[in-house]
Amino acid sequence: MMIIAAGWILVLLLAGGFALDRALTNLVERNFDEQLEYMLTGMIASAEVGPDGEVLFYRTLGDQKFLEPNSGLYWQISGVGHEDWPSRSLWDRSLNLQKDTFDAEPHFYDSDQFPREPLRIVERSIILPGSETNWTFAVASAREDIDSQIQQFRSILIWSFAVLGLGLFVMAALQSYYGLRPLRRIRMAIQRIRTTGTNRVTDPLPHEVQPLVEELNMLLEHSEKQAEEARTHAGNLAHALKTPLTVVNNAATARAADLPDTVIREATTMRRHVDHHLARARAVGRRAVGLARTPVCDSAEAVRRAIERLYPQVRFDIDGKRDAEVSIERQDLDEILGNLIENAAKYGGGSVFVTVDAEDTADQCVIWVEDDGMGIPEDKRVEIFDRGARLDTGKPGTGLGLAIVRDVAEIYGGGVELDESEDLGGLLVKLSLPRPV
């Protein structure tokens, strides 16, 4: 910020100083030229042609410098076929004029024909009454005064802009220092969080950075929640694996006759628990990436095509709002709908009906999955969500489908309920998932 501020200050001051220098220089030179033109006009007005064809002044020119040798102010009249008529101030010198063409308007230019005495010259071509000669009238003045004035105001301009630039840079530095002070205070607060173990930024800070503090506190809260979830999942998994491992260990120690069956049974149990917690971990990891937008119908159609190959005799029907979207990753939505639709096909009577956005709610998209099976008794609709819970043990399964559906839906801020289908008479699963913001 300081380098950018210094660069812009330097560029703007250089551009402004150059423009102001040109404007003041042109103003001084224009005033100087007007004075020379005024003298030239007076000289032409006082000139007349004498009896021998020479130019005479019928009145004396007003400025006495024309009479003082080497005074720095000169005039000269030149004509074709006539000798140059210089002012007395030229003494033994003469002006080399640019008299090649006839110029009826005053013509200004600089000249270095006199050593150590730069001149500003104005000349004009005139044909006087009673003469056919092309006379060139010229007035010249030393540039010493005008150059001194230009050098003086340039010096003032440089020092003024240097002080101005330094002042602006100091002000920009102070503004940056005090403007960024709240960020340094936030840095110190974060350092205290790391060193003292506090979990929030509670320091009073300006309103301009308060949204940043709020987002930081929300991030800390989110990280704490994820860490707590990870600890809980690790503890649950350890507890779930402890019992099967104890059973296997006891059977191996006792050299039980049914050791192979015991190992297979308990390994299957452990695999169910591992799959369940891996599904939760994947959902939590994808949720942390950001808000997703997944079309529900696209996912439902993909799941339907896959399950139709496993249950070709089942009739599937998907209805509802085709453009409905939910704030959940596509992989997790596929897994949730896959569990629900597969359960409906497996335990139903041959018909599965999926309704997308079945209830008109502002922040939640409700998806109904209905079947025409035996349903679930009302007193069993809570315990069926427990890990490994199964009502029909005659069909293959792990008993983790509804538990995974519930856990993943809750991770994204949704939920799942069980009810009785009025149209098909079987089970009605109401899946609620958040809409995209």
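The values are calculated or read from the model by the stated rules, or taken from the named source; none is laboratory data. Predicted, not measured: the structure shown is a model, and the values here were computed from it. Ideal geometry is used to build each Cβ from the backbone, glycine not excepted, and the neighbour counts take in all protein chains shown. With ligands, DNA and RNA removed, areas are computed over all heavy atoms of the protein, side chains included. Shrake-Rupley method; radii C 1.70, N 1.55, O 1.52, S 1.80 Å.
Computed values, structure above
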quantity: Helical mean residue ellipticity (222 nm; -39500 (n - 2.57) per DSSP H run of 4+; nearest 500) of the chain; calculated: -17500 deg cm²/dmol
quantity: Cut-off of 10 Å, at most 13 other beta carbons, DSSP loop: longest stretch of the chain lacking such chymotrypsin sites (Phe, Trp or Tyr not before Pro); calculated: 103-437
quantity: Within region 129-270: Cβ-based charge dipole about Cα centre, in debye rounded to nearest 20 (Lys, Arg +1; Asp, Glu -1); calculated: 760
quantity: Non-local Lys pairs in the chain, i.e. 8 or more apart or on different chains, that have alpha carbons under 22 Å apart; calculated: 6
quantity: Among Ser131, Ser141, Ser176, residue whose mean-square fluctuation peaks in a GNM of the chain (springs only between Cα atoms under 10 Å); calculated: Ser131
quantity: The chain, accessible area per residue, ligands and nucleic acids excluded (1.4 Å, Å²); calculated: 59
quantity: Cα-centre dipole for the chain with unit charges at Cβ (Lys and Arg positive, Asp and Glu negative), debye to 20; calculated: 2560
quantity: Whole-Hz couplings from phi, Karplus 6.51/-1.76/1.60, listed for region 405-422; x for Gly and Pro; calculated: 4, 4, 5, 5, 4, 5, 4, 8, x, x, x, 9, 10, 10, 8, 9, 6, 6
quantity: Shape call, region 46-131: gyration tensor on alpha carbons, a/c limit 1.5; calculated: oblate
quantity: Using alpha-carbon coordinates, inclination of helix 2-45 to the longest axis of the chain, degrees; calculated: 20
quantity: Globularity ratio of region 335-377, using Cα Rg and 2.2 N^0.38 Å; calculated: 1.26
quantity: Cα gyration tensor category, rounded, prolate or oblate, for region 192-235 with a/c compared to 1.5; calculated: oblate
quantity: Label assignment, mean projected area of the Cα convex hull in nm² derived from the structure, set (1) 35.9; (2) 46.1; (3) 27.8; calculated: (2)
quantity: Residue with peak Gaussian network fluctuation, the chain [Cα springs, cutoff 10 Å], from Asp334, Asp371, Asp33; calculated: Asp33
quantity: Over the chain, relative contact order from alpha-carbon pairs under 8 Å, at least 6 apart, %; calculated: 9
quantity: Apportionment of accessible area to carbon and sulfur, the chain, percent (1.4 Å); calculated: 55
quantity: For Asp319, residues with placed amide H under 5 Å, excluding near neighbours; calculated: Val354, Thr355, Val356
